[in-house]
1. Can you spot a residue in the range 376-388 that is within 30 Å of VAL268 (Cα to Cα) and assigned to a loop (DSSP other than H, G, I, E, B)?
2. Under the condition of being in contact with a Lys or Arg (Cβ under 8 Å, 6 or more places away or on another chain) and in contact (Cβ under 8 Å) with a residue 40 or more places away in the chain, which residue from the range 44-64 is surrounded by the fewest Cβ atoms within 10 Å (Cβ to Cβ)?
3. Give me the pairs: first residue in the range 410-425 and among the charged types (D, E, K, R), second residue assigned to a strand (DSSP E or B) and surrounded by fewer than 24 Cβ atoms within 10 Å (Cβ to Cβ), beta-carbon distance under 7 Å, and six or more apart or on different chains, which are they?
4. Pick from THR306, THR314: which is within 24 Å of ILE72 (Cα to Cα) and over 21 Å from the mean Cα position of the chain (by Cα)?
5. Among the listed residues ARG160, ARG143, which satisfies the condition of being assigned to a loop (DSSP other than H, G, I, E, B) and either on the phi < 0 side of the Ramachandran plot or surrounded by 21 or more Cβ atoms within 10 Å (Cβ to Cβ) (or both)?
6. What are the pairs, 6+ residues apart or on separate chains, where a residue within the range 74-101 that is among the polar types (S, T, N, Q) has its Cβ under 7 Å from a residue that is part of a loop (DSSP other than H, G, I, E, B)?
7. Could you tell me which residue of the range 152-178 is farthest from GLY224 (Cα to Cα), considering only residues that are charged (D, E, K, R) and modelled with pLDDT of 95 or more?
8. Could you list, in sequence order, the residues of the range 357-371 that are crowded, with 24+ Cβ neighbours inside 10 Å and within 19 Å of ASP439 (Cα to Cα)?
Amino acid sequence: MFAEQGISAGAAWIARAKAHNFFSWSAQDAINPIAMVRGEGCYFWDADGKRYFDLNSQSMCMNIGHGERRVIDAIKAQAEELAYAGPGMVTRVRVELGEALATVTPPGLEHFFYGTGGADANENAVKMARAVTGRHKILARYRSYHGATYGAMSLTGDQRRWASEPGMAGVVRYYDPYKYRSLLYREGDSDGEFTARCLAQIEETLMFEGPHTVAAILMETVTGTNGVIVPPDGYLQGVRALCDRYGILLICDEVMTGFGRTGAWFGVDHWGVVPDMITMAKGLTSAYLPLSTVAVNARVFDHFRTHVFYGGLTYSAHPICLAAALATLRVIQEDDLVGNAAAMGRVLADLLDELKAEHPAIGDVRSIGLLGCIELVKNRESKEPLAPYTGGGEVMPKLAAYLREHGVYTYVWRNLLHTNPPLCVTEEQLRAVMAIVNDALMIADSAIA
């Protein structure tokens, strides 16, 4: 029918999908998806044969890239060996993955509770923290995202939580170490001075709330969708010290930053800090199958040696998902994707600096490894964002449309353009895609001229 009407294969797929499917994060009449059919490395193709460079690794998750046969073959082999086992069962792959994860996580974080996504990992970590400490409050940052389930959305600080409020009780907000926009930053401050103010604000919040009521401080080690906010040196170490001083657990959300994205196995590795718990998903399987885990230290694990943990899911420790994770870890190690992310991250940082020098609409660029972001403004002096905090406006959709038209897929939201390619990217590929980004940014420049 569609062919007779002169409609492309991709448009036909989309029309059929919209007839019966409910899409996330969207007003259904406004969605404009890509009909995606296959992927390889840093690229994917739509149903009409058009190739796209995946500058966002889909949802910042396909760290090893598309179409990795070693993971696909491991999934097939596990399905043939054992397709499912209940969460209380021991399987070969559960044994092997636990041992493998313990070799790459920070020292002391060697027990793993499995779920299906980053949101449930964060909710389980909070449940554990409350049980271990006997306290109920959780400190979480304003510019943060921790997942879309009810509890995780309550922990989220950005405007995506508004539609779900009132949320989970006991969440207290604190400010981000966001030098570019923080009211705690004074022009000319050293990183040490800015860090001291941030830590003082956190401690003041603890005093107002009563540290004896606070179970955990939760943070994305490096802020993800809210603008790749990289903490200054001393910040994470200072938060760790505050937690130790008041008997509070530190939970680092590494759903996005884990497994090489920042040029280290985990973001915390850059600062030599070991949290009490790390939540992980996305890069754990490179999204080949859904899986999350909470890595916990001895303080947390020992509590549950004699106390029941009231949590679990039908698909916890699903053997096929565990097999995808185990194979993903091996690919990361065999191909040294952590090292490549560090090396290509330096290239990306240089390219971002060059873009900032060329385009007056760029207010700031930030990156660590292959996690990057361009922040666009109407005026560099006032720092007025090019789009509202809640998203939309006229310019950013045009910029996103230009990129898509020219075969680049990435995350464009608010006044932010993200640059998060798969960790297997080469310098040639990175320079080529950023050249297209360079052309697209002329749209932003012309809007503020």
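1. Yes, the range 376-388 contains a residue that is within 30 Å of VAL268 (Cα to Cα) and assigned to a loop (DSSP other than H, G, I, E, B).
2. SER59
3. ARG414/PRO385
4. Step by step, each of THR306, THR314 is checked, and only THR314 is within 24 Å of ILE72 (Cα to Cα) and over 21 Å from the mean Cα position of the chain (by Cα).
5. ARG143
6. THR91/LEU82; THR91/ALA85
7. ARG173
8. The answer is ALA361, and nothing else.
The values are calculated or read from the model by the stated rules, or taken from the named source; none is laboratory data. Remember, it's a predicted structure, so these values are computed and weren't measured experimentally. Please note: Cβ atoms are built from the backbone with ideal geometry, for glycine as well, and neighbour counts cover all protein chains shown.
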